[in-house]
Structures are given as structure tokens and as C-alpha cells.
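This report concerns only the one structure given below.
Readers should treat all values here as calculations from the given coordinates under stated rules, not as data from a laboratory. Predicted, not measured: the structure shown is a model, and the values here were computed from it. Don't worry about glycine lacking a Cβ; one is built from the backbone with ideal geometry, like all the others, and counts go over all protein chains shown.
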Amino acid sequence: MTLKDRLQTALKQERGLRLSAAEVQSLSSVLGIDFPAPKLRRRLRRKPSPSKESIQGDVKFMSRAELKDIVAIDKSAMPDPWTKTDFLRCLKQHNTIAATIRLEKTGRKPGLIAGYMVYELHMNRIELKRIVVAPQHRLHSLGRQLMASLSAKLHQWRRKFIRIEVAEIDLQALLFLQAVGFSAVETHERGITLTHFWNDDPDPFTDQTTRRSPRHLSGGDLAEN
């Protein structure tokens, strides 16, 4: 039984899920499932946000020298961590970009890398392959800053939406993406496909071919230390 089937059954019975009320409400919203617990809704409205104080980060293209730190973050944060070989294979693609977000530097030392994202640029969309914030730096709006820098690349007549596939079991990713404006559009054996459009409209646009050729960036275009 898929997570969606389990949720539908559990929400009808209002029992049987080992999730917090906020997680159930958010996940049911992502999957487009009715949430029929008015008493629970009233309690949720009184619950304060778990977010901590916002920390300003610096988003830049990833350099190859930072790859070791990126692999360590991925291993500590993801249920299916990528190896260095996985990253290098992905970044060899001509349209693949990697960016990091660093904390403010202390003294002469550069700020710590708190997270990163990997994405592909296409004619009409951005394929987000990975967006990760280290566990110790979460709930400080760093993930939102990464997403904001990516959303700034969207345009009505060119790249109109961001798309990502997430495993059903990756609840934290689903909740984060729903919080920053993504909507689930498809479920399949690989997981859930979510999209976010340039104007926050969940309805997809009709694909159009533009006369202007996109400027392709590659892993070779990454900044060097």
C-alpha cells in the first residue's frame, strides 16, 4: 500500500499514522487529500511555528574544492546519499548547475557550507535534482533562500516552472516543498512529482518553443578557488 493509500485510509479513520498533526495536515495538502478533522484543525491553528530565527546565507556556484563538504552534508541528511562519483557524473551534463549556501564568515575563515542544490536548465523548465540543508542548520530559512535564488531564474516566456521528483518516504522534503509553493501533480513508482511555476500558479502552461536559444551552463562553468 502506498503512502497516499495509507493516508487516505488513516485520515478517514483519524487514526493509524505515526505522524504529528502538522505533518498530516501538510502532507495531505501536498497530495490533494481531504483532511476531515475539524477539531484537529482548531488545535493546529493555535500551534506556534517551529521555525527558528532566520540566518542570512550567501548563495554561489559550487566549486570543485567544495565537493568533499557537499558529499558529507548529503550523507548526513539524505536517506539515499550520493557519492562523489554520483556528483561528478551528474555535473558532467552540459546543462547541470550546482550551487551552495554559506553562512557568514568568521574572521578570515570562510563561512561554513550549510546546504546546496543541483539542478538542470532546460528550454521551458528547471529540473531540480537535489536541494539539501545540513540537519544542524535547518529551520533558519536557508532552504528558502536557495529556492528563492532558483525561482529568480523563472520567466513567463522562457523557463516557466521548476519540477522535482521526491520519494514518498522523504516526508521532510515533501513538507518543505509544499511550504515554498510546490504542488503535487503526479504519483508514480519512483515517488511524487511536484512543480512550482514562475507566478505561483499551480496550473501548468502550454509548452511553447521559443526562438531564443538558452544559454547552457555546465559543471565546467563552476567557479574555481
| remark: The exposure ranking of K153, K75, fewest beta-carbon neighbours within 10 Å first, is K75, K153
| message | Show me the three semi-axes of the equivalent ellipsoid for region 58-221, from the C-alpha gyration tensor (sqrt of 5 times each eigenvalue), largest first, rounded to whole Å. | response | 25, 19, 16
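With r as the distance between the Cβ atoms of R190 and K60 and R0 = 22 Å, compute the FRET efficiency 1/(1 + (r/R0)^6) and round to 0.05. Kindly include the intermediate steps, with their values, before the conclusion.
Working: r = 31 Å, r/R0 = 1.40.
E between K60 and R190, to the nearest 0.05, is 0.10.
Determine one quarter of the surface area of the Cα convex hull of region 54-149, which equals its mean projected area, and express it in nm² to one decimal.
Details: hull surface 26.0 nm².
The Cα convex hull of region 54-149, projected and averaged over all directions, gives 6.5 nm².
So how do D69, D80 line up by other beta-carbon neighbours within 10 Å, fewest first?
Details: D69 16, D80 9.
Taking fewest neighbouring Cβ atoms as first place, the list is D80, D69.
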| What is the gain in length, in nm to one decimal, between M123 and E165 on full extension, counting 0.36 nm per residue of separation less the C-alpha to C-alpha distance? | 13.2 nm
